[in-house]
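The values are calculated or read from the model by the stated rules, or taken from the named source; none is laboratory data. Predicted model only: the values in this text are computed from it and were never measured. When we count neighbours, we look across all protein chains shown, and the Cβ atoms used for this are built from the backbone with ideal geometry, even at glycine. Only protein heavy atoms, including side chains, enter the accessible area calculation; ligands, DNA and RNA are left aside. Shrake-Rupley method; radii C 1.70, N 1.55, O 1.52, S 1.80 Å.
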Amino acid sequence: MQDSSRASIRDVFSLPVIVAALGYFVDIYDLVLFSIVRVPSLKAFGLQGQELIDYGVFLLNMQMIGMLLGGILWGWLGDVKGRLKIMFGSILIYSLANIANGFATSLEAYAVLRFIAGVGLAGELGAGITLVSEILHTKVRGYGTMLVASIGVTGAILANAVATHYDWRTAFFIGGALGLVLLVARFKVSESGMFQTMENKAAVSKGNLLALFTSRDRFFRYLNSILIGVPIWFVVGVLITFSPEFATALGIKGAVSAGNAVMFCYLGLVFGDLSSGLLSQVLQSRKKAVLVFLVLNIVSIALYFMQRGATPTFFYWVSFALGFSGGYWAIFVTVAAEQFGTNLRATVATTVPNLVRGMVVPITMLFQFTRGQFGLEGGAIIVGAICMVAAFVSLAALEETFHKDLDYFEEFL
């Protein structure tokens, strides 16, 4: 439990924070790997042309649906069974699923394994952020969640490097192996004191997902926490995942690799998460930091569609800018965790980022529809505008939580 009498920056580099950061590192590696190997892996199954987009969307959606359902499962278990057990179980499942993915011999098997991997991937970030938020003092917990996200997103850079030098199947094997190795470190981490205290209170309702929908106040706190993160996954799920197709439409003078676009985007996310975390600490406000990065997001998206006739190098730097402006992911998940009491915190912190990731499904479906009506660029701009408006409205409605004491329970009436 947080010690209200002191706050040391050294606590940020404690074992639980480092292990949570490394867990998220492997999580991100496996999460973005499909976007990087989408084209070569689907070509290995005999697909080409428009099929690469259509089946790519289908497989990405299978992974995201798995994450959506997994987020609900792991979130509930996180509040009922503990943060550490979820961190252990989730990484075990997605590690084994990714190893199996390397052996896939049909599109049907590929889809099923992406779904299973998605279920496993859903538990890592929420459990990690919840644990870190509960063990660190109020004054430094923003640094802790910043460290988790900043180290974590570099997993995408490793994923691109591995996919560049190895076959796509080998890349899946390596990701699974990294996860299994990390499991060893998990045994040395202690459970959150807040959870242990709650565990001894039999009368406290834990992980009650329905409670988020039985109170108008809780429902809108939950919904608004989700919507402020949607622009991040519009960028990753549409603009970056389908960067080769957008590059062609924009007349980029040379071939653009989805893997390089993902790498530059996530490199930007590293610096963005560091910057947004530091900005939040300097301003002593979560909401102001998110607002600044939402504005930067609009600017970078506009730049993306204005780069007609540019070089691939410039395209990659714009991808970096998109990543940087979306680098409020750590703050976004921290805000969600801070909005709710200990008995709902893991449920919220786990389901919220996965619902945002799961929003890739309706986002890509809407994109597919608007693309047919208004073209590739027009469709993306319309979908992006909807995501941005929703984020600004939701941010305005949320409570500022920078100084909030997290040692309390949600009361269900």
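Does any residue of segment 362-381 turn out to be part of a helix (DSSP H, G or I), open to solvent by 50 Å² or more (accessible area, probe 1.4 Å), free of Cβ contacts under 8 Å to residues at least 40 places away in the same chain and of a type in the set (S, T, N, Q)?
Yes, there is a match, as at least one residue in segment 362-381 is part of a helix (DSSP H, G or I), open to solvent by 50 Å² or more (accessible area, probe 1.4 Å), free of Cβ contacts under 8 Å to residues at least 40 places away in the same chain and of a type in the set (S, T, N, Q).
With 334, 342, 401, 347 as the choices, which residue is touching an Asp or Glu at 6+ places or on another chain (Cβ under 6 Å), of a type in the set (S, T, N, Q) and farther than 29 Å from residue 58 by Cα?
Only one candidate qualifies: 401.
When you go through (1) under 24 Å from residue 246 (Cβ atoms); (2) charged (D, E, K, R); (3) crowded, with 20+ Cβ neighbours inside 10 Å one by one for residue 83, which number turns out not to apply?
For residue 83, the exception is condition (1).
Could you run through segment 257-286 and say how many residues are within 19 Å of residue 302 (Cβ to Cβ) and more than 20 Å from the chain's Cα centre (by Cα)?
Final tally of qualifying residues: 0.
So is residue 322 over 22 Å from residue 122 (Cβ atoms), under 16 Å from the mean Cα position of the chain (by Cα) and modelled with pLDDT of 90 or more or not?
Judged against the criteria, residue 322 is a match.
Has segment 404-412 got any residue that is assigned to a helix (DSSP H, G or I), in contact (Cβ under 8 Å) with a residue 60 or more places away in the chain and in contact with a helix residue (DSSP H, G or I) (Cβ under 8 Å, 6 or more places away or on another chain)?
Looking for residues that are assigned to a helix (DSSP H, G or I), in contact (Cβ under 8 Å) with a residue 60 or more places away in the chain and in contact with a helix residue (DSSP H, G or I) (Cβ under 8 Å, 6 or more places away or on another chain), one finds none in segment 404-412, hence no.
Which ones in segment 160-176 are closer than 30 Å to residue 337 by Cβ and either at pLDDT 90 or above or open to solvent by 60 Å² or more (accessible area, probe 1.4 Å) (or both)?
175, 176
All but one of (1) farther than 21 Å from residue 354 by Cβ; (2) surrounded by fewer than 24 Cβ atoms within 10 Å (Cβ to Cβ); (3) not aliphatic (A, V, I, L, M) hold for residue 186, so report the exception by its number.
Of the numbered conditions (1) farther than 21 Å from residue 354 by Cβ; (2) surrounded by fewer than 24 Cβ atoms within 10 Å (Cβ to Cβ); (3) not aliphatic (A, V, I, L, M), the odd one out for residue 186 is (1).
Of all residues being over 21 Å from residue 385 (Cα atoms), in contact with a Phe, Trp or Tyr (Cβ under 6 Å, 6 or more places away or on another chain) and assigned to a loop (DSSP other than H, G, I, E, B) in segment 207-232, which is modelled with the lowest pLDDT? Just the residue, please.
207
Test of understanding: among 282, 352, 318, 292, which residue is out of contact with any Gly (no Cβ under 8 Å at 6 or more places or on another chain), of a type in the set (A, V, I, L, M, F, W, C) and under 22 Å from residue 156 (Cβ atoms)?
Of 282, 352, 318, 292, the one residue that is out of contact with any Gly (no Cβ under 8 Å at 6 or more places or on another chain), of a type in the set (A, V, I, L, M, F, W, C) and under 22 Å from residue 156 (Cβ atoms) is 318.
Of the conditions (1) over 28 Å from residue 346 (Cβ atoms); (2) part of a helix (DSSP H, G or I); (3) more than 15 Å from the chain's Cα centre (by Cα), residue 238 satisfies every one except a single condition; which number is it?
With respect to (1) over 28 Å from residue 346 (Cβ atoms); (2) part of a helix (DSSP H, G or I); (3) more than 15 Å from the chain's Cα centre (by Cα), residue 238 is out only on (3).
On the basis of being out of contact with any helix residue (DSSP H, G or I) (no Cβ under 7 Å at 6 or more places or on another chain) and aliphatic (A, V, I, L, M), does residue 109 make the cut?
yes
Report the residue count in segment 29-55 for those that are in contact (Cβ under 8 Å) with a residue 60 or more places away in the chain, aromatic (Phe, Trp, Tyr) and outside any loop (DSSP other than H, G, I, E, B).
2
Scan (1) buried (at least 24 other Cβ atoms within 10 Å of the Cβ); (2) closer than 30 Å to residue 189 by Cα; (3) among the aromatic types (Phe, Trp, Tyr) for the single condition residue 34 breaks and write down its number.
It fails just one condition, (2).
When only residues in segment 301-346 that are without any contact (Cβ under 8 Å) to a residue 40 or more places away in the chain and either of a type in the set (Ser, Thr, Tyr) or assigned to a loop (DSSP other than H, G, I, E, B) (or both) count, which is least open to solvent (accessible area, probe 1.4 Å)?
313
Which of the numbered conditions does residue 93 fail, given that it passes all the others? Conditions: (1) more than 22 Å from residue 240 (Cβ to Cβ); (2) crowded, with 18+ Cβ neighbours inside 10 Å; (3) in contact (Cβ under 8 Å) with a residue 40 or more places away in the chain.
Exception for residue 93: condition (3).
Within segment 16-28, is there a residue that is within 18 Å of residue 361 (Cα to Cα) and touching a residue at least 60 places away in the same chain (Cβ under 8 Å)?
Checked segment 16-28: no residue is within 18 Å of residue 361 (Cα to Cα) and touching a residue at least 60 places away in the same chain (Cβ under 8 Å).
Within segment 184-206, does at least one residue satisfy the condition of being hydroxyl-bearing (Ser, Thr, Tyr), more than 25 Å from residue 331 (Cβ to Cβ) and modelled with pLDDT of 80 or more? If you could, list the steps in order and put the result at the bottom.
As a first pass, look at segment 184-206 and keep what is hydroxyl-bearing (Ser, Thr, Tyr): 190, 192, 197, 205.
Imposing the further condition that a residue be more than 25 Å from residue 331 (Cβ to Cβ) reduces the set to 190, 197, 205.
When the remaining residues are screened for being modelled with pLDDT of 80 or more, the result is none.
No - not one qualifying residue is present in segment 184-206.
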